[in-house]
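Asks: Sharing a structure here in structure tokens format.
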Amino acid sequence: MKNVIPLEGTRIRESVSIIRSAGGFIVDWDGCCAIDNVLVPEAAEFLRAVQPRLVILSNNSTNTMEDIHAILKQSGIALKPDRVLLAGVSAIRHAAAKGWKRAMILGSPAMKAYALRCGLEVVREEAQVVIVMRDTRLTYAALERAANCLAGGASVILANPDGSHRGANARIRPETGAIFAALSAAVDLSETSVETIGKPSPALFTEACRILGTQPARTIMLGDNPATDIDGARKLGMPALLVTPSPAAFFQSLLETLRNA
């Protein structure tokens, strides 16, 4: 796309005017400004600096907006919960909006509780829809039940396609996509309705711009995943910065560049 400006971490200083004139910033969470839900200090300083123009947009499918809001508040960032867009929460809301009642949730206890608050009946068998999220307590029995629900005609809502994200000490944390891959290996899903909610799908990017009141071309995405954060943004004509080589180094460089511009 001609209106897409290819920004990379190594080119921050060349892109100062674009960054300074941005109407809004969309920032990823896991592996970007937080590691295992602990804010990177340099990232926290940047978030405080751009708070009026900020939306957190994450493929996180473990936590609620209130969880992220509480973590941010501890670092002096009073970002309203409606400025935190999470793939897991959005997946549950989507299922409820479609009118499904019986949902099997492969996800955290917090996500199951949230599904109940949204009016879904959380079931173990005979589900109308299987909502696949990151489930750190996933058992073989749960995987078996989900596979049989799908074989029986249930639809799938996939919170995000990520295979993994990086935790502390660069440790690999298997993600939603890895669980979906296991289901795909067990069941033929060629005729199953599968909807993907999170990045790189455009819906959450578009919602973030609506909240900010900005056009994609004047909104910058900051993320660490080229396939979801960067490509997803660029498909909408949105400039994107790849957070590299590390979140601390990236945000420190970004802050210094903005101060010295």
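The values are calculated or read from the model by the stated rules, or taken from the named source; none is laboratory data. Source: prediction; values computed, not measured. All Cβ positions, glycine included, derive from the backbone under ideal geometry; neighbour counts span all protein chains shown.
Asks: Would you please list the contacts, defined by Cβ atoms under 6 Å and residues six or more apart or on different chains, that run from a residue in the stretch 247-261 that is under 27 Å from residue 165 (Cβ atoms) to a residue that is aromatic (Phe, Trp, Tyr) and at pLDDT 90 or above?
Replies: Close Cβ pairs (under 6 Å, with a partner that is aromatic (Phe, Trp, Tyr) and at pLDDT 90 or above) amount to 251/46; 255/46.
Asks: Another question, if that's okay. How many residues does the stretch 64-84 contain that are touching a residue at least 60 places away in the same chain (Cβ under 8 Å) and either in a loop (DSSP other than H, G, I, E, B) or crowded, with 18+ Cβ neighbours inside 10 Å (or both)? Show your work before the answer.
Replies: First, the residues of the stretch 64-84 that are touching a residue at least 60 places away in the same chain (Cβ under 8 Å): 82-83.
Subset that is either in a loop (DSSP other than H, G, I, E, B) or crowded, with 18+ Cβ neighbours inside 10 Å (or both): 83.
Final tally of qualifying residues: 1.
Asks: Among the residues of the stretch 134-176, what is the count of those that are in a loop (DSSP other than H, G, I, E, B), closer than 29 Å to residue 32 by Cβ and small (Gly, Ala, Ser)?
Replies: Here is the first cut: in the stretch 134-176, the residues in a loop (DSSP other than H, G, I, E, B) are 134-139, 152-154, 159-163, 167, 171, 175.
Retained after the next criterion (residues that are closer than 29 Å to residue 32 by Cβ): 134-138, 159-163, 167, 171, 175.
Now narrow it down to the ones that are small (Gly, Ala, Ser): 159, 163, 167.
Going through the stretch 134-176 one residue at a time, the tally reaches 3.
Asks: Let me ask something additional. For the stretch 224-261, how many residues are in a helix (DSSP H, G or I), loosely packed, with under 15 Cβ neighbours inside 10 Å and either touching a His at 6+ places or on another chain (Cβ under 8 Å) or modelled with pLDDT under 90 (or both)?
Replies: Here the count works out to 3.
Asks: Right, next: What pairs come out if I take residues in the stretch 85-107 that are under 22 Å from residue 147 (Cα atoms) and in contact (Cβ under 8 Å) with a residue 12 or more places away in the chain and pair them with residues that are part of a helix (DSSP H, G or I) and among the hydroxyl-bearing types (Ser, Thr, Tyr) whose C-beta lies under 6 Å away, six or more apart or interchain?
Replies: 92/114
Asks: What do you reckon, is residue 115 surrounded by 16 or more Cβ atoms within 10 Å (Cβ to Cβ) and either assigned by TED's automatic domain parsing to the domain that holds residue 37 or not polar (S, T, N, Q) (or both)?
Replies: yes
Asks: Could you say which residue among 175, 207, 195, 144 is exposed (fewer than 13 other Cβ atoms within 10 Å of the Cβ) and charged (D, E, K, R)? Give the steps one after another, and end with the answer.
Replies: Details: 175 fails: exposed (fewer than 13 other Cβ atoms within 10 Å of the Cβ); 207 fails: exposed (fewer than 13 other Cβ atoms within 10 Å of the Cβ); 195 fails: exposed (fewer than 13 other Cβ atoms within 10 Å of the Cβ).
One residue alone meets the criteria, 144.
Asks: Select from the stretch 50-60 the residues that are touching a strand residue (DSSP E or B) at 6+ places or on another chain (Cβ under 7 Å) and either in a loop (DSSP other than H, G, I, E, B) or β-branched (Val, Ile, Thr) (or both) and write down the one among them that is nearest to residue 209 (Cα to Cα).
Replies: Step one: filter the stretch 50-60 for residues touching a strand residue (DSSP E or B) at 6+ places or on another chain (Cβ under 7 Å), giving 50, 53-58, 60.
Pick out the ones that are also either in a loop (DSSP other than H, G, I, E, B) or β-branched (Val, Ile, Thr) (or both) and you get 50, 55-56, 60.
Working: 50: 15, 55: 9, 56: 11, 60: 19 Å.
Restricting to residues being touching a strand residue (DSSP E or B) at 6+ places or on another chain (Cβ under 7 Å) and either in a loop (DSSP other than H, G, I, E, B) or β-branched (Val, Ile, Thr) (or both), the top hit is 55.
Asks: Report yes if residue 179 is in a helix (DSSP H, G or I), more than 30 Å from residue 16 (Cα to Cα) and in the same structural domain as residue 124 (by TED's automatic domain parsing), otherwise no.
Replies: Numbers: in a helix (DSSP H, G or I): yes; more than 30 Å from residue 16 (Cα to Cα): yes; in the same structural domain as residue 124 (by TED's automatic domain parsing): yes.
Against the criterion (in a helix (DSSP H, G or I), more than 30 Å from residue 16 (Cα to Cα) and in the same structural domain as residue 124 (by TED's automatic domain parsing)), residue 179 qualifies.
Asks: Just need a number here: residues in the stretch 121-141 that are in contact (Cβ under 8 Å) with a residue 24 or more places away in the chain, surrounded by fewer than 24 Cβ atoms within 10 Å (Cβ to Cβ) and farther than 22 Å from residue 204 by Cα.
Replies: Adding up the residues that qualify gives 6.
Asks: Would you mind finding the one in 72, 57 that is over 21 Å from residue 135 (Cβ atoms), of a type outside the set (Gly, Ala, Ser) and under 12 Å from the mean Cα position of the chain (by Cα)?
Replies: Working: 72 fails: under 12 Å from the mean Cα position of the chain (by Cα).
So the residue among 72, 57 that is over 21 Å from residue 135 (Cβ atoms), of a type outside the set (Gly, Ala, Ser) and under 12 Å from the mean Cα position of the chain (by Cα) is 57.
Asks: Being closer than 30 Å to residue 248 by Cβ, under 23 Å from the mean Cα position of the chain (by Cα) and not aliphatic (A, V, I, L, M) is true for just one of 195, 175. Which residue is that? Outline the logic, then answer.
Replies: On the way: 195 fails: closer than 30 Å to residue 248 by Cβ.
Step by step, each of 195, 175 is checked, and only 175 is closer than 30 Å to residue 248 by Cβ, under 23 Å from the mean Cα position of the chain (by Cα) and not aliphatic (A, V, I, L, M).
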